[in-house]
Amino acid sequence: MNPSRMPRLAMALPVLILAMLLGGCNVLPEREPVRLFTLSEPSLSASSDAVRDLTLRVDTPNAGAPLNGPRLLVMSPPGEFQVYAGARWRDDAPRLVRDHLIEAFRLDGRLAAVVDDASRARSDTTLASHLGAFYSRYRKGTPEVIMRLDVQLLDEANHEVLASRRFEVAAPSDDDSLEAVVEAFGRAADQLASELVDWTLRELPLQK
């Protein structure tokens, strides 16, 4: 090789490599876009009962994997979790459930204040819970959503358990489309929130 051509070859080599890299970008597969979902707003209406001068703190439910993540889950026999491809909740499931419950209590309106576990406000009672089920499963060929929450009401003054209960609901989906399943999640959360709000108000003291 002519030595005089070496510098020109050395200068051209980086340009050639860059062109090859840029050209290769066009053949990489595009990532499937992720659809973000949330639960529908609670459908509770305001209660006509008097407002109690109590502040309730709603803690984020505890949950084990994979229930503690943002994936939309489906339970397949024999107890295997699978996910809906290309779909996510807008937040991790426990925080999604917490926010839904807080909104339900606020819509009901029988408590002076309802706060989450990030608030620095002083509270009288804490609602602690464990999220044991938040997934769909197929029943006779049709999806249904299962939601289970084990709840404890704790007195903030002495840290005693005032009451505890397990809530579990099932909401059938209209069909097997992703949109219908998400709507079923919303109905399940709505039913559970309605039962939980009424139970909580029965168990709480009438005044401080």
Got a sec? Which of R139, R165 is surrounded by fewer than 16 Cβ atoms within 10 Å (Cβ to Cβ) and at pLDDT below 95? R139
Does L127 count as of a type outside the set (K, R), part of a helix (DSSP H, G or I), touching a residue at least 24 places away in the same chain (Cβ under 8 Å) and surrounded by 20 or more Cβ atoms within 10 Å (Cβ to Cβ)? no
Restricting region 157-186 to residues that are in contact (Cβ under 8 Å) with a residue 60 or more places away in the chain and not aromatic (F, W, Y), the one farthest from L111 (Cα to Cα) turns out to be L178
Would you please name the residue that is nearest to R122 (Cα to Cα), looking only at residues in region 166-175 that are charged (D, E, K, R) and outside any strand (DSSP E or B)? D174
Those residues that are among the β-branched types (V, I, T) and within 15 Å of R139 (Cα to Cα), I need them from region 65-85; list them, please. V74
Single match in D59, D91 (criterion: within 30 Å of A157 (Cα to Cα) and either surrounded by 17 or more Cβ atoms within 10 Å (Cβ to Cβ) or not aromatic (F, W, Y) (or both)): D59
So, in region 148-165, of the ones that are part of a strand (DSSP E or B) and acidic (D, E), which residue ends up farthest from L196 (Cα to Cα)? D155
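The values are calculated or read from the model by the stated rules, or taken from the named source; none is laboratory data. This is a predicted model, so every value here is computed, not measured. Cβ atoms come from the backbone with ideal geometry, glycine included; neighbour counts cover every protein chain shown.
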